[in-house]
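Encoded as structure tokens, the structure appears first; notes follow it.
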Amino acid sequence: MRRRSAWKIENYTYRECPHPEREFGFAVSLHNHSCHSVEKLAALNLVVKMAFMRPLSGVLQSAFGLGGISNLNYAEITYNPPYTPEDVYQMESAAAARWGFNGVHFAITDHDEFAGNVALMRGRPDLNGRIAISEELSLWYEGHLFHLGLSGLPESEIDQTHSRIQSAARGGRYDELFETLAASGCLVVLNHPLVAWGPGSETIPFTDLLTRYGWAIHALEINGMRRREENDRVLELARQWRKPVVGGGDSHLLVASSIVSLSQAATFKDFIAEVKDGHAVPFITPDYFAPLNWKLFLRVLFFMSRYRQIASYKGQPVSAMLERRRVLLDPAGLASRAFLALVRGLGLSR
């Protein structure tokens, strides 16, 4: 595979695809996060250990007003992405247009929250049929955290459906959960199924999950923020379980998805039917092949550039913790904005 080309995956095989608009009618962006999503800064636990970040680790921690905490777990720092649902749609639509598509079929999968899709549907009636009410469900199963991308939840009684899903997931009532999902008619995707979230989680119980509930899980995800080696393992897992694979961006900040899906379906509802019938085609753009550490570095800089406005620690806003205080990360935030503008101007945002 030549890395800077564009590719599709059909029948679990990579095929070069420089002109996707000649073969498919629509692009589908399945895995996105907006300002309605509460995100954890767990990735910083890895970034601060990188050689180029070690001199700044103390500065970074003090910038949050947490300098006195030893062995700070950055997963306890949360933030809301600064993008509205409309912002995210515009970003994904513009990226699809560069490949010849008129907009995208679109699902915002905020963490355990569906409000972003409802806001977009009500604000953009012209997108009727192309927006799906969706969320990314957090599911603890046998001690491991899985994420399920739920797309196409019914608009009628969505509050009640969401409450039932969340209650069943948090209560460990798995039979009830998957029966509720099946009854809703939504698309259920096992997102980034091979992510080990922490020490001791190297053994992922995906075999047990798929053995028991594979009947209600329609597809596995090839993820734009995971390494090629991991995605190839997901592809092999999907082949073994005879599940289709869909593409998901999962970018969170800064840029549009580097992996989406391609479809012949004119509506999101018809796309769901395609996937349930076993037809799904991930589309991998050249941006995907940028080194993952570079992608994470850019996202950390983006976060630093806006951290006062979007971050909290154990529910307390950083803006309140640092009120009337100047810290070294403030000029670093200015430098981050300047660097990101330069990177964007050079076309290196990934």
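The values are calculated or read from the model by the stated rules, or taken from the named source; none is laboratory data. Everything quoted here is computed from the prediction, not taken from an experiment. Methodologically, a virtual Cβ is constructed for each residue, glycine included, from the backbone with ideal geometry; neighbour enumeration extends over all protein chains shown.
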| query | Picking from Tyr14, Tyr79, Tyr74, which residue would you name as being of a type outside the set (S, T, N, Q) and within 15 Å of the chain's Cα centre (by Cα)? | reply | Tyr79
| said: Condition first: touching an Asp or Glu at 6+ places or on another chain (Cβ under 9 Å), among the small types (Gly, Ala, Ser) and modelled with pLDDT under 85. Can you find one or more residues in segment 329-349 that meet it? | reply: yes
